[in-house]
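Structure record follows, encoded as structure tokens.
Values in this text are rule-based calculations from the coordinates and carry no lab data. Given the structure is predicted, the values throughout are model-derived calculations rather than measurements. Neighbour counts run over all protein chains shown; Cβ positions are idealised from the backbone, glycine included.
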Amino acid sequence: MDANLKEDQIGAIGTQEDDLLATKSKEAHDVNKITKHMQNVSIEYGETKEFGDTKIENSKDLMENLPAICNEIFEILGQQNLEATYQSALCEELQRRGVIVASEVDIPIKYKGLQIATRRIDLLLYLEKPVILELKAVTGNLLPTHLMQLQYYMTHSRVEEGYLINFPHITGFPAPSNGIVYKQTVLQPENGPTVSDCVTRSSTGKKDVKPVVIRVTKVDASKT
């Protein structure tokens with residue numbers, strides 16, 4: 001009896017292990033299907049184009065071209081994206097124009113010689129001299145603290161030129177493209193179970209808004 005019972009227990013354990021392996025295999029297959037689906041999904045902005053943009057070779061070229069570059073990015077991405085999105089787009093546009101760009105550059109903060117934290121520069125450009133780009137995507141106007149932040153980074157990184165750029169932001173998400181309308185079905189509201197339908201369209205942002213671009217240069221105190 002004991003031997004038979006032991007064999008039954010071993011058989012049951014083997015069946016459980018087989019079931020577990022089958023479940024894990026199905027889960028892996030399902031995850032793989034989702035992964036493949038997401039590889040073919042993206043949020044598209046603008047058209048792909050060849051690298052034929054005007055080269056930026058020095059800080060003068062940057063000053064002359066930066067407002068137009070920001071305008072193009074803003075026109076394509078709109079007002080409802082995040083700061084990091086505009087930053088990535090600006091980095092790409094500058095690199096297309098031959099600029100060496102470093103993103104999220106740390107400035108070490110030291111206490112009695114020991115690094116305890118960092119501050120982070122959005123974009124650091126390497127031309128004939130380093131240039132800092134500090135980006136914002138705020139809903140209102142730029143504040144004095146935003147300018148102070150750029151000046152703080154310029155001071156402690158020993159950089160003499162920088163730009164504060166704001167892509168005016170609207171909270172929420174962009175409206176569906178091509179006039180797509182989505183229907184919502186409320187299966188259960190706060191006050192109890194019911195079913196109702198509503199159709200909504202997202203509001204659009206202002207068309208006449210442009211990015212704010214402020215050039216900041218270090219002044220020689222001895223000449224003032």
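Some notes on this structure:
- Picking from residues in region 62-79 that are in contact (Cβ under 8 Å) with a residue 40 or more places away in the chain and under 15 Å from Val99 (Cβ atoms), the one that is surrounded by the fewest Cβ atoms within 10 Å (Cβ to Cβ) is Met63.
- Only one of Glu93, Glu57 that is in contact with a helix residue (DSSP H, G or I) (Cβ under 9 Å, 6 or more places away or on another chain), surrounded by 12 or more Cβ atoms within 10 Å (Cβ to Cβ) and acidic (Asp, Glu): Glu93
- Candidate set: region 96-142, residues that are acidic (Asp, Glu) and in contact with a strand residue (DSSP E or B) (Cβ under 8 Å, 6 or more places away or on another chain); chosen: the one surrounded by the most Cβ atoms within 10 Å (Cβ to Cβ): Glu134
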